[in-house]
Amino acid sequence: MRLQNIVLSLTVCAGLFATEKTIQLPQPDTKGGKPLMEAITLRRTNRAYTGATISRQDLSDILYAAWGVNATDPRVLHTIPTAMNAQDPVIYVALPEGAYKYIPENNTLELVLAEDIRTRLDRRGTDMFAKSAAVVLIASNLDKLKRVQDKGVQIQFAHMHAGCISQDIYLVCAAKGLGTCVVYGINKENATTLLKLPENTIPLYGQPIGVMAK
């Protein structure tokens, strides 16, 4: 009986710590934070993190700023502009407990892979990814840019949109006292394979976020 109780306890504990398939993020705090001009003044690139976690509220605020839904009018649906209102960005986030796709319409994270892939997105093998609290992966669904027939122009638009997303992440991190760094040289092959990116969805940048090391 005692052995059965131990097995049952271990089973319950394993269930408690299982990777969540869907994470409902808290409502983003759209009224808080530092004044805009102060956040712009504080904006910095930081590459040294402690490895500490960040709260889900902070993660929600960051992802909302990156690609959240801020209006009911489909012409101005997201927190960044996109050429021809293509709405091509796709956001993933790698956390210690797994890799998720951000669903902006309901502010949730949907599990893609129940593994810690942060370091596998890092082409250079630095501590920046390993000690981050999260790595945001900015991708683009080029199918949504097909009104432009020139593939090179499609990719230019995709990078322009990703730049807007990256700067919004920088500003929220500055307002919260968190560190971040946009990285072009990510391992795009691993990103495509591990995140199961659909055909014509391309990874663009990685952006580690973390508690800054003193």
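Please treat every number below as a calculation from the coordinates, not as lab data. Computed from a predicted structure; not experimentally measured. Note that each Cβ is placed from the backbone with ideal geometry, even for glycine, and that neighbours are counted across all protein chains shown.
Using alpha carbons only, how many angstrom separate the centre of segment 169-214 from the centre of segment 105-126? A separation of 9 Å, based on Cα centres. Remark on segment 65-108: hydrodynamic radius 11.4 angstrom, per the Kirkwood mean of 1/r across alpha carbon pairs.
Taking the Kirkwood radius as Rh and the Cα radius of gyration as Rg, segment 100-214 has a ratio of Rg/Rh equal to 0.97.
Per-peptide packing, taken as the mean over residues of other Cβ atoms within 10 Å, places 174-187, 112-125 in the sequence 174-187, 112-125 from highest down. Taken about its Cα centre, the chain carries a charge dipole of about 400 debye when Lys and Arg each add +1 at the Cβ and Asp and Glu each add -1 at the Cβ. On the beta carbon distance between S55 and K31, with R0 = 22 Å, the FRET formula returns roughly 0.85. Note on segment 146-210: Cα Rg divided by 2.2 N^0.38 Å, N the number of residues, gives 1.28. Computed from the C-beta positions of N85 and D127, the FRET efficiency with R₀ = 35 Å rounds to 0.35.
Kindly list the residues of segment 95-125 that lie in the label zone of T193, defined by a backbone N under 15 Å from the point 7 Å along the Cα-to-C-beta vector. The answer is 117-123, whose backbone nitrogens lie closer than 15 Å to the label point. Ratio of Rg to Rh for segment 20-210: 0.94 [Cα atoms; Kirkwood radius as inverse mean 1/r over pairs].
For a quick protection proxy, order the peptides 97-110, 32-45 by their average other-Cβ count within 10 Å, most packed first.
97-110, 32-45
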